[in-house]
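> I'd like to ask you about the structure that follows.
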């Protein structure tokens, strides 16, 4: 028996069959999961379409400006400090009043007290862990056992501040 060398058309046919066999879907083959890539692309498009925030939109923390009352004479007072999202926090505890510079970060105001990072965040009276504040809904807390609430008709601690321009009443 003599082995003849392959001709060009026969080798091309064999190469094509090998290529198709390598690309064929077997039983274990699964489609590529591109969900995260698609999600990231959608997020980028949404960000591009969103109007730029030029600082006119009130921050959630802007609604916290004012006096918040805790138990046994404890007080948290929050005042704006010049730049948007910057505040002066005056905290009155049993050992006196101390002031701190705070900065809005999402749904909290971050500050440093006694070398430790702290934050003021929205809470309910129940979340503060103080039985005297139990049942109250419009509260802020720094840490468990250090909570402050207010009863005013302003925005609740977890809601954004109203825009600066009051709504005009409708004429009948």
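Each value in this text was obtained by applying a stated rule to the coordinates, not by laboratory testing. These numbers come from a predicted model, not from an experiment. Neighbour counts are summed over all protein chains in view; Cβ atoms, including those assigned to glycine, are modelled from backbone coordinates with ideal geometry.
> Based on other C-beta atoms within 10 Å, arrange 61, 97 from fewest to most. Walk me through the intermediate numbers first.
Details: 61 27, 97 10.
Least to most surrounded, the residues fall as 97, 61.
> Mind checking the full-extension length gain between residue 105 and residue 132? Use 0.36 nm per residue of separation minus the Cα-Cα distance, one decimal, nm. Before the final figure, lay out each step's value.
On the way: separation 27, 0.36 × 27 = 9.72 nm, distance 2.87 nm.
Using 0.36 nm per residue and subtracting the Cα-Cα distance, I get 6.9 nm.
> Taking neighbour Cβ counts within 10 Å as the exposure measure, how do 87, 100 sort from fewest upward?
With the fewest neighbours first, 87, 100 line up as 100, 87.
> May I pose another question? Give the order of 76, 59, 133, 94 when sorted by the count of other beta carbons within 10 angstrom, beginning with the fewest.
Details: 76 25, 59 18, 133 21, 94 7.
Result, fewest neighbours first: 94, 59, 133, 76.
> Of all the C-alpha pairs in the range 60-149, what % are more than 19 Å from each other? Walk me through the intermediate numbers first.
On the way: 1296 of 4005 pairs.
So the portion of pairs separated by more than 19 Å is 32 percent.
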